[in-house]
Amino acid sequence: MLSKSSARWFFIGGTTVFSLVFLGLTLDTVSQVPKRSNQEQMSEAVIHGHDIWTDNNCMGCHTLLGEGAYYAPELTKVVERRGKPWMRLFLKDPQAMFPGQRKMVQYNFSDEEIEDVITFFEWIGNIDTNGFPAKPDLAPPPPPVSTATQTALTQKPMMFATVCSACHATGGEGGTVGPALDGVSTRFSTEQLHSWLKDPQAYKPGTAMPNLNLSDDTIQELVTFLNTL
């Protein structure tokens, strides 16, 4: 059993040691903040994008770096997950991208505001978050892909690679919001694919597929690509 004097020195010594450990950990954390926070890449566009995020109370529905509400998707890695072209279309008209489903407010952002918001999200996505948010580990195994399809996938049209693949998968890679498009040409004719891309709601009323107002040249490019899968 410790005497009063021994207990006093034990308390003082323990407190001193752990205080020094705490101080060292604090200094180490502070020294890593500039590098891990992506601070050197902060620009006027990033700051303006953050102001738009704050002024419109986006955190009332979304989470960012794990902070916020859980009504809408987590957006820390949204640029990596969706891509800039898809985000431009969505922010311009959220309802058009998910007709009858998404409840995101139409803020009528200008093109400049949209670009600044995307720049802000891109900056956030480059912060060293130590693996947050974690990627799902229960994804189904990708389907077998033929050599012909593998060759076709290396020649994806820009629209497909940047927008369509955010919702649709090919060769086991891409989004899961819409159906996988492997072998879609065996289920739909060229004319049907063209009509679908021209006006999804006219072809199938009530579909979740948005009308992207694609040009005839872009539609033809996409249909030609889909026919190679």
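The values are calculated or read from the model by the stated rules, or taken from the named source; none is laboratory data. None of the values given here were measured: they were computed from a predicted structure. No Cβ is skipped: glycine too gets one built from the backbone with ideal geometry, and neighbour counts run over all protein chains shown.
Based on what the data block shows, is residue 30 out of contact with any strand residue (DSSP E or B) (no Cβ under 6 Å at 6 or more places or on another chain), assigned to a helix (DSSP H, G or I) and loosely packed, with under 10 Cβ neighbours inside 10 Å?
It is true that residue 30 is out of contact with any strand residue (DSSP E or B) (no Cβ under 6 Å at 6 or more places or on another chain), assigned to a helix (DSSP H, G or I) and loosely packed, with under 10 Cβ neighbours inside 10 Å.
Step by step: first the residues of segment 26-76, then only those that are more than 19 Å from residue 119 (Cα to Cα) and of a type in the set (Val, Ile, Thr), then the one that is farthest from the chain's Cα centre (by Cα). Which residue is that?
Checking each candidate, the answer is 26.
State the number of residues belonging to segment 172-189 that are at pLDDT below 85 and aliphatic (A, V, I, L, M).
Of the residues in that region, 1 qualify.
Any residue in segment 147-166 that is on the phi < 0 side of the Ramachandran plot sitting within a Cβ distance under 7 Å of a residue that is at pLDDT 60 or above and among the acidic types (Asp, Glu)? List the pairs, counting only those 6 or more apart or interchain.
Filtered contacts from segment 147-166: 149/182; 157/221.
Here is a check on your reading of the model: is residue 46 closer than 20 Å to residue 120 by Cα, at pLDDT below 90 and among the hydrophobic types (A, V, I, L, M, F, W, C)?
no
Can you tell me which residues in segment 1-23 are at pLDDT below 90 and surrounded by 10 or more Cβ atoms within 10 Å (Cβ to Cβ)?
Across segment 1-23, the qualifying residues are 2, 6, 7, 8, 9, 10, 11, 12, 13, 14.
When segment 157-171 is examined, which residues are found to be within 17 Å of residue 228 (Cβ to Cβ) and at pLDDT below 85?
171 - this is the single residue of segment 157-171 that is within 17 Å of residue 228 (Cβ to Cβ) and at pLDDT below 85.
In segment 187-229, how many residues are assigned to a helix (DSSP H, G or I) and touching a residue at least 24 places away in the same chain (Cβ under 8 Å)?
Residues flagged as assigned to a helix (DSSP H, G or I) and touching a residue at least 24 places away in the same chain (Cβ under 8 Å) within segment 187-229 amount to 13.
Please work out which residue is modelled with the highest pLDDT, limiting yourself to segment 103-128 and to residues that are surrounded by 15 or more Cβ atoms within 10 Å (Cβ to Cβ), within 16 Å of the chain's Cα centre (by Cα) and part of a loop (DSSP other than H, G, I, E, B).
Among them, the one singled out is 127.
Looking at segment 53-96, which of the residues that are touching a residue at least 40 places away in the same chain (Cβ under 8 Å) and of a type in the set (Lys, Arg) is surrounded by the most Cβ atoms within 10 Å (Cβ to Cβ)?
Here the residue is 82.
Just give me the residues in segment 21-52 being among the small types (Gly, Ala, Ser) and either free of Cβ contacts under 8 Å to residues at least 24 places away in the same chain or more than 21 Å from residue 130 (Cα to Cα) (or both), in sequence order.
Selection gives 24, 31, 43, 45, 49.
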